[in-house]
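Working notes, structure below.
Laboratory data are not the source of any read-out in this text; all were calculated from the coordinates shown. Nothing here was measured: the structure is a model prediction, and the numbers come from that model. Neighbour counts are summed over all protein chains in view; Cβ atoms, including those assigned to glycine, are modelled from backbone coordinates with ideal geometry.
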Amino acid sequence: MQKEHETFPRRLLAHGQVRPGKTAFREKYLGIWQSWNWAQVNDEVRALACGLAALGFQRGMNLAIIGDNRPRLYWSMLAAQCLGGVPVPLYQDAPAADMAYVLENADIQFAIVEDQEQVDKLLELQSLYPHVRHIVYDDERGMRHYRQQGLLSFASLQQMGRAWDQAHPGFFDAQLAEGRGNDNAIILYTSGTTGKPKGVCQTHAALLAAGDGGAGFEQLTDKEDILSYLPMAWVGDCLFSFAQAMSAGFTVNCPESGETVMTDMREIGPTYYFAPPRVFENMLTTVMIRMEDASAIKRRLFHYFMDVARRCGAQILDNKPVPLADRLRYAAGKLLVYGPLKNVLGMSRIRVAYTAGAAIGPDLFRFYRSIGVNLKQFYGSTETCAYICLQPDGQIKFDSVGLPAPGVEVKLADNGEVLVKSPTLMDCYYKRPDATSEAIDAQGYFHTGDAGLFDVDGHLKIIDRAADVGRMNSGAIFAPNYIENKLKFFPFIKEAVVFGHQRDEVCAFINIDMEAVGNWAERRSIAYSGYTDLAAHPAVYGLVRDCIEQVNADLAAEPAMSDTQIHRYLVLHKELDPDDDELTRTRKVRRKFIAEKYAVLIAALYEGKASQYIETQVKFEDGRSGVVAADLKIEASKIYPAVQAAA
Amino acid sequence: MLYREAGQFKTSYQADGQIFPILQDRIALLAMLAVAVVAVPLLASPYVLSAILIPFLIFSLAALGLNILTGYAGQLSLGTAAFMAVGAFASYNFILRIPGLPVLLAFVLGGLSAALVGIAFGLPSLRIRGFYLAAATLATQFFVVWCLTKIPYLTNYSTSGVITAQPIVILGYAFDTPDRKYLLVLAVVAVMALLAKNMIRSNVGRSWMAVRDMDVAAEVIGFRLMRTKLLAFAVSSFYCGVAGALYAYAYLGTVEPEAYNLDLSFRILFMIIIGGVGSVLGSFLGAAFIVLLPVLLNVVAHSLALPTSVASNLELMVFGALIIFFLIVEPHGLARLWQIGKEKLRLWPFPH
Amino acid sequence: MNFFFEVLIGGLLSGVMYALVAIGFVLIYKASGVFNFAQGAMVYFAALTCVGVMDKLGVSLWIALPITVAVMIVLGLAIERVVLRPLVNQPEITLFMATIGLAFFIEGLAQLMFGAQVRKLELPIEDVPSQYLMDNYNILVSQFDIMAAAVCGLLVTTLALLFSKTRVGRALRAVADDHQAALAVGIPLQRIWAVLWAVAGIVALVAGLLWGARNGVQFALTFVALKALPVLILGGFTSMPGAIVGGLVIGASEKLAEVYIGPLVGGGIEGWFPYVLALLFLLVRPEGLFGEKIIRRI
Amino acid sequence: MTEDAQMQMNEPEAHFGAVSTDGRRPTGPVILDLKNISLSFGGVRALTDISFDVRQHEIRAIIGPNGAGKSSMLNVINGVYRPQQGQIAYRGEVRKNMDCHAAAKSGIARTFQNIALFKGMTVLDNIMTGRNLKMKSNFLMQALYWGPARREEIAHRIKAEEIIDFLEIQAIRKTPVGRLPYGLQKRVELGRALAAEPEILLLDEPMAGMNVEEKQDMCRFILDVNDQFGTTIVLIEHDMGVVMDISDRVVVLDYGKKIGDGTPDEVRCNQDVINAYLGVACA
């Protein structure tokens, strides 16, 4: 088939012909893994597309998709594409108000949503944005009394579609044949740390290039199993659970509910896995906490073999030479510790695991690799279909994101910004030519906004957001994310915000990790009544001080960074929260917003005060709001002399 | 530790509801069965077969029967041996009086007879519970043995009251050597254990456990107490009856009613306490334990050159002490220990 | 007719002995909710110890007796400490099964110490018909049985006084009524139990001596406990008067049945007749003669 | 919703009508009618001459101080106790000699004040027991676990799974109920009662001992059950806020006598009820 005619619907058709009986989707529902093979998926999508057509969905329209990862929602994406429409997945946990902008911006008239909760949100917005004409819901629970026109269950939509298909033979195939590679395949809204979200339009050709590129790079086959649990609106899920799955024809598994992801992961035992560093970190934290309760013998066994793994695990994974004695020890460890551990985590069958989206701590990264999980990093952005750099097998470094992916050209701008030219590059920002031309220059290079550098092996190393990189008054480069990430690599620290641009010193806000520190406190029988109380505890301050001083020591060892050691810090009285707009939905720090909101604290830090009183409005989960107040202690930490680079 | 469960997902309720949902367990069971069917008859000596393995299997079956009643349906019984006796003597009489009756069918009829007796003596369970019921089952014990001694017809007018079990011939094939008898018993026990497990994972089993755990609630949600309890008595007695028949035919050969005395009832009760109340596996573990313990104690007594009277008294004491020990330390018996061990292996290296 | 009365009186008197064993059960059940299946084993243990001490040390009954009392007290205390205390708050059935284990242990222990052979126990009173009754009423009744009844009566009176007049006794009754409440007002439950087991041991000794003197001290004494079961069913597990009345009823009916029905069915029915009687009774009145009616709440 | 939005809602461009906030089914005819019920235990009067009715699809609350006879009332309705006097008409027919099995069969299910789950069984098995009346295959077929018996088991498993899904307890389906926290046990018990697909559901203090969040969840489930399946609900509850929020009509008992009956508002302002139970006059 000609390349320019390649679309996702055509891929679907091809899978239906090449591997009709092979399982395409699984969903744990009613206690078992309900399965659909490619032939069935073809049938379901066809009915769905025809149903949408019957409702009046036409080429060029956008279809909002809101909900947890469900096979039916993935099919909805395909169904929209079959008709030449564009699916627009939204973050399902966003409140109605946050959805409003996207619905408006993408001219949404049709939406397919998971359940009553999402329907309610859309209906709430109905009066403001009346152009949403049809809402299709998958789960019929609680929907009995909704008498509104335009509400339709998924099942009846498909039924309608089957009738329409019969009445209009050839319609579906004709629509499918009209599809072109340079049609838009999807619009993904970037959360963006500043300003309104922008809709990134990816064409079939680009998204398929990313899918095929990744699948080819890892030689993915239709035998892979992947667990889809990340928000469908995120490019990561789009790439792994949609583009690559459609490219290689492997099985997408949807968990039963948010609470059961870990057990479902253990049941499925995916062979191919993708998670942001946060997930890997949580997993490791749970491992460590659970091991604390183990008997002394088991703990010693665990630590002994973890030492062995640290020494030689990664090398064995990379097929590098390792002494026979270590190999034997590792084999024993595999039987006694690594194997069972991977089994309990559901990672036994993993062939390749990827992480991206944020920096991953070296210890964390090494841990997984050393127990034999082939964890790798890649680098990408929504605008490039998350496809810029990949770490090839055997060339893994924890502080780089790998080599430019096949077909991708990467270069650095003068200010260190990473520029990319690639077939996977977006078409445009939806209805934002201004932003598009700002992001893609005349030569066709996309400005990623990240500052990076190449190391001697040609691997790209990302240090910070280009926009966030500032300068100290001394003239030294100040890369806040770089420092914050170093802090966040400690299990006790959940979030950190550092300040230093146009200042003489670097100061920091710290958020402790409630689970890890809470556990730590319990073991020391430190009583506390909640986050605020625990955060203010002197022992916790001591814990944080140790972490900060280690980071300072680290920074001192890097010539370019030694000026940015943390001088003073405080532990915040509340957890930074997306509901309070302090973090983005993807849990990135909204630096400016925080700086304004907590201006008094920053002032106190730089004025050298010993403590500062603050009151903050917070929003609770149930929508009510309240006030958290505390007298925050400010401490200074040790500063290390800069170490001269040895070579 | 040895479990690798990741990737063993279930795509049908049939797969999800199977007796051994974990692949490694299924493999282990098949391996064990293979050893039991192929290797054991080839390698084990006639002594091991007839003095250890055959009684082990038969006691397992009886313990399973008692476990259905006591462990699953929660009705304490001290009359297990009586139901075994009914099974044995009924089978004897059926074979004796109906020429050409297949032996296996006779065992089934023996079991059914025991089931009838079980229903009769289970009737009081509708009105009474706990110790009172235990006392009622004691009455069964005394009454049945008394009947068998006092009614000469049942022992075919044998002057000594002892009967000699007829040879087991199935489809012209004589089960006359220890290894053949062993295989026959193994087959019967395996099939019946499977049936028991099936009942337990179905509505019958749930009805038993419901009555055991909270009889008022069981009644309110629609279980009929009478039917449920009597069915438990019937099924349990059937199992004991078949075990009793095997005890006579495949193990003892010649039997007197006194072989099925209160002591035997207690021994089987001990098996389920030590093995695990409310566990099919426990019935087997308990039987193995109680069969092997005297053998072990004998070896010890022998090596210490203790007189037999001392050894037998020590055995009593050890039995008694073990019962108390298990009730205190692990009321759910060896089966729970096994389960905990398995759970540990599944979660290894985590403690929980 | 005289024969009938002889049988009846003989039955009633052996019923007294059943009652004696049953009292041991009731004592323990009432206070701790434990159905002590080992009571029979304790009877055997007590009798065998007494005879054994006489044999091995060559002392008279009057010296062996206090020694045996001491042994029974120690045994009672040990049982409370080793078996009951760890099983506190367990279901009744579990405790019951534990006492079955206990029975095995005690039997083994007794035989290990003193051997299993049948021994004669000579009490200062002979098992011969009472001359007085023979002469005056022309009824054959053993004077031994009469003495047994007297001892039994004495024991019951003593126990009754003990429970009504002493502090321990009052505490005991409080415990029997409500464990939690007794604990709440500061009654040391464990000490009470220990005392009870010791008392039950002494009751067992009395029963053991009487039964042993009549039938010889042998393993069969343990079956006396099985005889006491129907007595308890009839009389209720918690009632001392019930145990006595139940014992008399069972004793009398058992003997009468053996004499009048037994020959018709080949004899030996005393093994199960009391049970059937008790069960029939149970079907009519599940809580026994004197037991408290249990109202089950949901 | 803002005032602004409310105004716009009436504009013709809106394709959807107003969101119905009270989407409850309308209550139907009287389904259960109790007349002059008196019950005593060996001379102690538990209920004296109580009459009230329950309408189809309604949520009927029974309130009153401790020992008022509320649980006895439920026990009378589902046949655990037989009243000495009075008659009960269920679906228009006067019941005679109804025992609890017959009550279960006629579509009355209940939960208990002190959780009466089967502690040794898993959540799934507990819910499966709720379906026992609908199972037809005999125990021999079940022993063989073959053919119809297995198909039946699987068919009921699906029903049980639907309830698990409905009550959002997927994560604990294979956990023995004895290990669950109190609030979840209450939820499982509701599940077991629901599994019988009852016409009338009797709930004996479904929210006792729960925290605010658990109570909210339980309220939502009760309303959903009432709404989704049209189940008539009779519940005993001490939390007045909950009772007033979710019930259609309320019966008030005190010392075994009925002292009030009516809508929550009526009951709240009934002087007898205030004196005996509420203690606070209505606003």
Peptide-level mean, for B:96-109, of C-beta atoms on other protein chains within 10 Å = 0
Mind giving me the FRET efficiency for A:A167 and A:Q17? R0 is 30 Å, r the Cβ-Cβ distance, nearest 0.05 is fine.
-> 0.75
When each of D:K35/D:K96; A:K298/A:K334; A:K588/A:K609; A:K28/D:K174; D:K35/D:K105; A:K574/A:K619 is checked by Cα-Cα distance, pairs over 18 Å = A:K588/A:K609; D:K35/D:K105
Is it possible to state the helix-based mean residue ellipticity at 222 nm for chain C, with each DSSP H run of 4+ residues giving -39500 (n - 2.57), the sum divided by total residues, to the nearest 500 deg cm²/dmol? What is it?
-> -24000 deg cm²/dmol
Can you give the convex hull volume per residue for the Cα atoms of the stretch A:470-636, as a whole number of Å³?
-> 110
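Going by a ≥ b ≥ c, the root eigenvalues of the Cα gyration tensor, does chain C fall in the rounded group (a/c under 1.5), the prolate group (a/b larger than b/c) or the oblate group?
Oblate shape, in that a/c is at least 1.5 and b/c is the bigger or equal ratio.
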Please report, to two decimal places, log10 I(q)/I(0) for the stretch C:89-138 at q = 0.14, 0.22, 0.24 Å⁻¹ as given by the Debye formula with identical point scatterers on the Cα atoms and no solvent.
-> -0.66, -0.87, -0.93
Within a 10 angstrom radius of each residue's Cβ in C:81-93, how many Cβ atoms of other chains show up on average? Whole number is fine.
-> 3
Hey, rough spin-label estimate for B:E258 and B:T11, points 7 angstrom out along Cα→Cβ, what's it come to in nanometres?
-> 6.5
Placing each pseudo-label 7 Å from Cα in the direction of the beta carbon, C:R85 and B:T159 end up separated by a distance in nanometres of 6.0
Which order do the peptides A:282-295, A:4-17 take when ranked by the mean count of other beta-carbon atoms within 10 Å per residue, highest first?
-> A:4-17, A:282-295
Rg from C-alpha atoms of the stretch A:3-256, normalised by the globular rule of thumb 2.2 N^0.38 Å, equals 0.94
Projected area, mean over directions - the stretch A:237-372, Cα convex hull, nm² = 9.2
Per 10 angstrom bin, beginning at 0 and ending with the bin that holds the maximum distance, the Cα pairs of chain D fall in percents of 6, 25, 31, 22, 11, 4, 1, 0
In Å and whole numbers, how far do the C-alpha atoms of the stretch B:256-352 stretch along each principal axis, longest first?
-> 49, 35, 21
Taking the dipole of the protein assembly as shown about the Cα centre (Lys, Arg +1; Asp, Glu -1; charges at Cβ), the one of D:L167, B:M199, C:V82 that reaches farthest to the positive side is C:V82
Averaging over all projection directions, find the projected area of the Cα convex hull of the stretch D:118-196 and quote it in nm² with one decimal place.
-> 4.9
Proxy reagent accessibility, fewest Cβ within 10 Å first, across A:H573, A:H145, B:H302 = B:H302, A:H145, A:H573
In the stretch B:156-193, which residues have a backbone nitrogen under 20 Å from the label point lying 7 Å from B:Y47's Cα in the Cα-to-Cβ direction?
-> B:177-182
If R0 = 22 Å, then C:V284 and B:M226, at their Cβ-Cβ distance, give a FRET efficiency to the nearest 0.05 of 0.80
In whole Hz, what ³J(HN,Hα) sequence does the stretch B:167-179 give by Karplus (6.51, -1.76, 1.60; θ = phi - 60°), x for Gly and Pro?
-> x, 8, 10, 10, 6, x, 9, 8, 9, 10, 9, x, 5
Between A:S156 and A:D577, what is the FRET efficiency for a Förster distance of 35 Å, r being their Cβ-Cβ separation, to the nearest 0.05?
-> 0.35
Taking the reciprocal of mean 1/r across every pair of different Cα atoms in the stretch B:1-123, the Kirkwood radius in Å is 18.1
Here D for chain A, in µm²/s, from Stokes-Einstein with a Kirkwood Rh over Cα pairs at 4 °C and 1.567 mPa s, works out to 49
Please compute P(r) over all alpha-carbon pairs of chain B, binned at 20 Å starting from zero, and give each bin as a whole-number percent.
-> 28, 58, 13, 0
How big is the equivalent ellipsoid of the stretch C:61-189 along its three axes, where each semi-axis is √(5λ) from the Cα gyration tensor, reported in whole Å from largest to smallest?
-> 36, 24, 14
The helix A:8-18 Cα axis meets the longest alpha-carbon principal axis of chain A at an angle in degrees, between 0 and 90 and rounded to 10, of 70
Provide the gained length on full extension for the span A:E515 to A:E615, in nm with one decimal, where the gain is 0.36 nm per separating residue minus the Cα-Cα distance.
-> 33.6 nm
Given chain C, longest segment not containing exposed loop GluC sites (Glu not before Pro) (DSSP; at most 12 other Cβ within 10 Å) | C:127-291
Averaging over all projection directions, find the projected area of the Cα convex hull of the stretch B:2-68 and quote it in nm² with one decimal place.
-> 6.7
How far apart, in nm, are two points set 7 Å out from the Cα along the Cα-to-Cβ line at B:V329 and at A:M288?
-> 3.7
What is the ratio of the Cα radius of gyration of the stretch C:65-118 to 2.2 N^0.38 Å, where N is its residue count, to two decimals?
-> 1.31
Tell me the Kirkwood hydrodynamic radius of the protein assembly as shown in angstroms, computed as one over the mean inverse distance between distinct C-alpha pairs.
-> 38.7
For chain D, which longest stretch is free of loop sites, where a loop site is one of the trypsin sites (Lys or Arg not before Pro) that DSSP puts outside H, G, I, E and B and that has at most 13 other Cβ atoms within 10 Å?
-> D:175-283
Compute the distribution of all C-alpha to C-alpha distances in the stretch B:191-325, in bins of 5 Å from 0, and list the percent of pairs in each, rounded to whole numbers.
-> 2, 8, 13, 17, 16, 16, 11, 7, 4, 3, 1, 0, 0
Grab the DSSP H runs of chain A that are 4 residues or longer, score each as -39,500 (n - 2.57), total them, divide by all residues and round the 222 nm result to the nearest 500 deg cm²/dmol.
-> -11500 deg cm²/dmol
Ranked by Cβ crowding within 10 angstrom, fewest neighbours first, how are A:Y606, B:Y239, B:Y249 ordered?
-> A:Y606, B:Y249, B:Y239
For the stretch A:236-292, the Cα convex hull volume per residue in Å³ comes to 93
At most 11 other Cβ within 10 Å, DSSP loop - trypsin sites (Lys or Arg not before Pro), the stretch A:491-550 | A:R524
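Evaluate peptide B:125-133: per residue, the Cβ atoms of other protein chains within 10 Å of its Cβ; return the mean as an integer. Display every interim value, and only then the final one.
Numbers: counts 0, 1, 6, 6, 4, 6, 11, 12, 2.
Taking all residues of B:125-133 together, the mean is 5.
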Using the count of nearby Cβ atoms within 10 Å as a rough guide to exposure, how do A:K121, A:K397 rank from fewest to most?
-> A:K397, A:K121
Which GluC sites (Glu not before Pro) in the stretch D:141-186 pass both tests, a DSSP loop state and at most 16 other beta-carbon atoms within 10 Å?
-> D:E168
